[in-house]
1. Of the residues that sit in region 272-304 and are at pLDDT 75 or above and among the acidic types (Asp, Glu), which one is nearest to Lys226 (Cα to Cα)?
2. Which residues, counting only those in region 365-387, are out of contact with any Leu (no Cβ under 6 Å at 6 or more places or on another chain) and free of Cβ contacts under 8 Å to residues at least 60 places away in the same chain?
3. Is it the case, given these coordinates, that Glu215 is at pLDDT 90 or above and under 19 Å from Arg318 (Cβ atoms)?
4. Which one of Ala112, Ala89, Ala68 is in contact with a strand residue (DSSP E or B) (Cβ under 6 Å, 6 or more places away or on another chain) and either assigned to a loop (DSSP other than H, G, I, E, B) or over 30 Å from Met256 (Cα atoms) (or both)?
5. Of all residues in region 15-49, which are buried (at least 19 other Cβ atoms within 10 Å of the Cβ), in a loop (DSSP other than H, G, I, E, B) and aliphatic (A, V, I, L, M)?
6. Just to be sure I understand, how many residues within region 383-411 are part of a helix (DSSP H, G or I) and open to solvent by 30 Å² or more (accessible area, probe 1.4 Å)?
7. Within region 3-14, work out how many residues are in a loop (DSSP other than H, G, I, E, B) and surrounded by 13 or more Cβ atoms within 10 Å (Cβ to Cβ).
8. Do we have any residue at all in region 116-123 that's open to solvent by 40 Å² or more (accessible area, probe 1.4 Å), out of contact with any strand residue (DSSP E or B) (no Cβ under 7 Å at 6 or more places or on another chain), modelled with pLDDT of 95 or more and among the small types (Gly, Ala, Ser)?
Amino acid sequence: MDTIYALASARGKSGVAVIRISGPQAFAAGRAIAGALPAPRSSAVRHLRSSTGEALDKALVLTFSSGASFTGEDTVEFQIHGSPAIIDALMRVLSEQGGLRMAEPGEFTRRALENGRLDLTQVEGLGDLIESETELQRRQALDIMSGKLGGKVDRWRGDLIRAAALLEAVIDFADEEVPTDVSPEVRDLLAGVISDFKVELAGASSAERIRDGFEVAILGRPNVGKSTLLNALAGRDAAITSSVAGTTRDVIEVRMDIGGLPVTFLDTAGLRDTEDEVEAIGVARARQRGEAADLRVFLQESADEQPEIALGPEDLLRHAKSDLSGSHNGVSGLTGDGVDQLVAEIEGILSTRVRNASSLVRERQRIALTEAMGLLESAADAVSTGNMSEEVIAEEIRRAIRTLERLVGRISVDDVLDEIFASFCLGK
């Protein structure tokens, strides 16, 4: 196993920068630079020097022994002054030591997975935590990283192992009289796990929305004030505004934090029939993105105006340019009239949608649980009807267990690891 090192904090000037070393030669590399190392899980200030004795920096040094570190390997961390020159000098000294190499993206976390310090869902949660932009994303990622989904999988796996063991006892005593009928307990165990699966799957869409965000489309006829409203929501000139109809030709996106939820507002081309080829493309895109959005805000010029796109029961109608019309149900991006009320209503609608979010935050997880539930429903039906032998039912349950083990990375998941770790930075 190679010993790896990397800058674990962001590049650039800072008060403190962290350089991490992990692997079998971590302590030797640390001693070569800092001299005597502090005891594991403790820290000490040391003068760092190159192999020729050149002073590099005065730093806080921490050590962690294998099994008690993030990676599960011997680890040394240098907390140095965050000067790019100091960082480069220390990285150069590390590169000159034999047996050390620069870590690849996500390699520290990958070693934590391989050494049993994290399961695959926790790895995904860590990646989401690093990328989190809003409060709800942070909470969700922290729950997953702390092992919330992995803990549920352990409980489900234990119940399924019990169910399979009961059936295998029947198989083992096929030529003898089994003292009790195991079918009721097996049915109860399967029913409990299937019920939990249904709850998780029902909340998967909401959980994915917290992670990936909602889209809210602002729709209406040309020159109705859509771009002005977008600018008011964003607090900056994100879109060009003009009295000339048809100024917006493409969809303009602004991502915001609304009540802890990541929300992307879409400013779209005005909906109308046009012979202008470029504008027609913009109108088509506006319809397409509007129909695919999670929520639509339609700005109308008059109360009797019919929306150009079908609206759902939660979509919002607002009278445009309320500063001119004086409408009580209006909004004006120019003066800010009604903007706060509109944001509050959007927040209320979207917050309700994520109220029952589950622990399944990725499509991979949802697919795995769906596959496992199908196997268990087949097994439960067979237990009730007797249309399969105990051997076949037990195998269905074992397949479901293996699917859950793939979900948390206990068996081979090489096909998804590269994709997951590709988004990690070098020091993680």
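1. So, considering only residues that are at pLDDT 75 or above and among the acidic types (Asp, Glu), the one nearest to Lys226 (Cα to Cα) is Glu301.
2. Residues satisfying the conditions are Ile367, Glu371, Gly374, Leu375, Ser378, Asp381, Ala382, Thr385, Gly386, Asn387.
3. It is true that Glu215 is at pLDDT 90 or above and under 19 Å from Arg318 (Cβ atoms).
4. The conditions single out Ala89.
5. Listed by number, the list holds a single entry, Leu37.
6. Here is the first cut: in region 383-411, the residues part of a helix (DSSP H, G or I) are 383-385, 390-408.
Pick out the ones that are also open to solvent by 30 Å² or more (accessible area, probe 1.4 Å) and you get 384-385, 390-392, 395, 398-399, 402, 406.
Of the residues in region 383-411, 10 are part of a helix (DSSP H, G or I) and open to solvent by 30 Å² or more (accessible area, probe 1.4 Å).
7. 3
8. No, that holds for no residue.
The values are calculated or read from the model by the stated rules, or taken from the named source; none is laboratory data. Nothing here was measured: the structure is a model prediction, and the numbers come from that model. Reconstructed Cβ throughout: ideal geometry from the backbone, glycine too, with neighbour counts over all protein chains shown. Accessible surface is based on the protein model in full, side chains and every heavy atom, while ligands, DNA and RNA are left aside. Shrake-Rupley method; radii C 1.70, N 1.55, O 1.52, S 1.80 Å.
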